[in-house]
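A short worksheet on the structure shown next.
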Amino acid sequence: MRLILLGPPGAGKGTQARRLVERHGIVQLSTGDMLRAAVKAGTPVGRKAKDIMERGELCPDDLVCAIVADRIEEPDAAHGFILDGFPRTVPQAEALEQTLEAKGLKLDAVIELKVDEEKLLHRIEKRIAETKARGESVRADDNAEALKKRLHAYRVQTAPLIEYYAKKGSLRTLNGMASIPEVGRAIDAILAR
Ligand code: AMP
């Protein structure tokens, strides 16, 4: 199974991806997680990405596409994967298509988690407060200024993918404001079709 989860920051992509990992034994490929790991490890990719990420802007397409193309080659991705946070631009979607085509692979579905933007900021603030309450450190880009930029980047650079995948007939849109189990059940229903 090969899926894309599409939606703005705070839509619940990561939560649903982790649930799918448990249920279907496929891997979650989160470019955000991969980039944060690279920043932490101080790799050349991490050094290029650090400031861009902290500002809430998107990293260059070629950098992100190369990471994903390499990651898909790993043995644990052979049974399938959920892309969480990738693609985020039309050129990334085109590059992904080429990468998959070269391997004779196809996407099963692109699932959009549609959310109410006004409620989104509240949801993200709650996530930050919960993380702090657990005594964990908060992401460098989880602050009001970077969040605004991340939402703007979504609207301008990522939202066109909705039309892109709708035209290809692979888009499935869900209400991302429903509860976590409800969204999970809706995803399962799509995958069972
Ligand atoms: P995320 O954890 O998905 O919210 O991603 C955190 C940050 O990593 C984003 O704000 C971007 O700076 C960077 N990033 C993650 N995925 C991508 C991508 N597909 N394209 C460009 N930048 C990305």
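The values are calculated or read from the model by the stated rules, or taken from the named source; none is laboratory data. Owing to the predicted nature of the structure, the values given are computational and were not obtained by experimental measurement. Cβ coordinates were reconstructed from backbone atoms using ideal geometry, including for glycine residues, and neighbour counts include every protein chain displayed. What goes into the accessible areas is simple: the full protein's heavy atoms, side chains included, and nothing from ligands, DNA or RNA. Shrake-Rupley method; radii C 1.70, N 1.55, O 1.52, S 1.80 Å.
How do the peptides 116-122, 148-154 rank, highest first, by the average count of neighbouring beta carbon atoms within 10 Å per residue?
Listed from highest to lowest mean packing, they are 148-154, 116-122.
With runs of 4+ DSSP H residues as the only contributors, calculate the mean residue ellipticity of the chain at 222 nm using -39,500 (n - 2.57) per run, divided by the residue total and rounded to the nearest 500. Working shown, then result.
Values: 9 runs with 109 residues, N = 193.
Result for the chain: -17500 deg cm²/dmol, rounded to the nearest 500.
Positive contributions from Lys and Arg (+1) and negative ones from Asp and Glu (-1), summed over other residues with Cβ under 12 Å from the Cβ of residue 91, come out at -3. Peptides 79-89, 95-105, ordered by how many other C-beta atoms sit within 10 Å of their residues on average, highest first, read 79-89, 95-105. Here the spin labels are modelled as points 7 Å beyond Cα on the Cα-Cβ line, and at residue 100 and residue 193 they lie 1.6 nm apart. Here the 3J(HN,Hα) profile of the stretch 92-100, calculated from phi with Karplus coefficients 6.51, -1.76 and 1.60 at θ = phi - 60°, is 5, 5, 5, 5, 4, 4, 5, 4, 5 Hz, Gly and Pro shown as x.
Using a probe radius of 1.4 Å on heavy atoms only, what accessible surface per residue do you get for the chain? Whole Å² is fine. Can you show the working numbers first?
Working: 10410 Å² over 193 residues.
I get 54 Å² per residue for this part.
Put simply, the amide H of residue 28, placed in the peptide plane, has neighbours under 5 Å in 82, leaving out anything fewer than 5 places away on its chain. Tally up the carbon and sulfur contribution to the accessible surface of the chain as a whole percent, 1.4 Å probe, everything protein left in place. Here it works out to 52 percent. With contacts taken as Cα pairs under 8 Å and at least 6 residues apart, the chain reaches a relative contact order of 34 percent. With every protein chain left in place and a probe of 1.4 Å, what is the accessible surface of residue 155, to the nearest 10 Å²? Rounded to the nearest 10, that gives 120 Å².
Are any of the pairs 13/40; 40/106; 50/167; 13/103; 50/106 more than 30 Å apart by Cα-Cα distance, and if so, which?
40/106; 50/167; 50/106
Please find the FRET efficiency linking residue 24 to residue 168, where r is the Cβ-Cβ separation and R0 is fixed at 30 Å, and quote it to the nearest 0.05. With a Förster radius of 30 Å, E is 0.85. The residues packed around residue 14, meaning those with a beta-carbon under 9 Å from its beta-carbon, carry a net charge of 0 if Lys and Arg are +1 and Asp and Glu are -1. 3J(HN,Hα) along the stretch 12-21, derived from phi through the Karplus expression 6.51 cos²θ - 1.76 cosθ + 1.60 where θ = phi - 60°, amounts to x, 4, x, 4, 5, 4, 5, 5, 5, 4 Hz, with x in place of Gly and Pro. Each Lys or Arg adds one and each Asp or Glu subtracts one; over the other residues with Cβ under 13 Å from the Cβ of residue 183, this totals +4. For the chain, the residue among 169, 186, 28 whose Cα projects farthest onto the positive side of the dipole built from Cβ charges is 186.
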